[in-house]
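The values are calculated or read from the model by the stated rules, or taken from the named source; none is laboratory data. Every value quoted in this text rests on a predicted model; they were computed, and no experiment measured them. Cβ placement follows ideal geometry from the backbone for every residue including glycine, while neighbour counts extend to all protein chains displayed.
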Amino acid sequence: MSESYYSVEKISQMLGIHPKTVQRYIREGKLRATKIGKSWRVTGHDLSVFTEGEKLPIGGTMEKQENSEKNVTVSSVIDIKVIDKEEAVRIINMLSAAMNIKPPEYGPSTLRTMYLETEDTVRIMIWGSLKFTSVILQSLEAVTENQ
């Protein structure tokens, strides 16, 4: 029996939402997907689970978070002074890559970036678990150490 797979574009057409919204649902773990090459693919089953409102964790297992992190979310705004646009793009690309490979145990999270050209600043807004926030902040520390 073969499984049906749907692209982000096809799902956005079917649900009447923007493709970036579908990608955000995937990134936040709300819609389970598999990356094939540079594209995300969603099985028919996972799409049904998503549209019916049932929340299945990525990987299909129901692991409980530790009590210390269970009810804690962290939000933060980080401004990083950069030399030029190329440095800003490098930092933003690193953060995007980190979000694309984020393990499911980090839980739901959001990361937004913007380059403020007039201020030579990259602004990063993060929201998520303690573990997620800690990893992002450590990554930023490593990237900006030699500035």
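Scanning for something acidic (Asp, Glu) and outside any helix (DSSP H, G or I), does segment 108-117 turn up at least one residue?
There is no residue in segment 108-117 that is acidic (Asp, Glu) and outside any helix (DSSP H, G or I).
This table checks each residue for (1) surrounded by 12 or more Cβ atoms within 10 Å (Cβ to Cβ); (2) modelled with pLDDT under 85; (3) out of contact with any helix residue (DSSP H, G or I) (no Cβ under 8 Å at 6 or more places or on another chain).
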| site | (1), (2), (3) |
| --- | --- |
| GLY16 | no, no, yes |
| LYS20 | no, no, yes |
| LYS30 | yes, no, no |
| TRP40 | yes, no, no |
| THR51 | yes, yes, no |
| GLN65 | yes, yes, no |
| GLU69 | yes, yes, no |
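Residue under question is ILE58, and the condition is that it be outside any helix (DSSP H, G or I), modelled with pLDDT of 85 or more and of a type in the set (A, V, I, L, M, F, W, C); does it hold?
Values: outside any helix (DSSP H, G or I): yes; modelled with pLDDT of 85 or more: no; of a type in the set (A, V, I, L, M, F, W, C): yes.
So ILE58 does not fit the description; no.
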Those residues of segment 118-140 that are assigned to a helix (DSSP H, G or I), within 24 Å of LYS35 (Cα to Cα) and either at pLDDT 90 or above or not charged (D, E, K, R) (or both) come to a total of 5
Residues of segment 92-147 being of a type in the set (Lys, Arg), surrounded by 16 or more Cβ atoms within 10 Å (Cβ to Cβ) and free of Cβ contacts under 8 Å to residues at least 24 places away in the same chain, in sequence order, are none
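Which of the residues that make up segment 1-54 are among the polar types (S, T, N, Q) and assigned to a strand (DSSP E or B)? Walk me through it before giving the result.
Quick first cut of segment 1-54, residues among the polar types (S, T, N, Q) only: 2, 4, 7, 12-13, 21, 23, 34, 39, 43, 48, 51.
Across segment 1-54, the qualifying residues are SER7, THR34, SER39, THR43.
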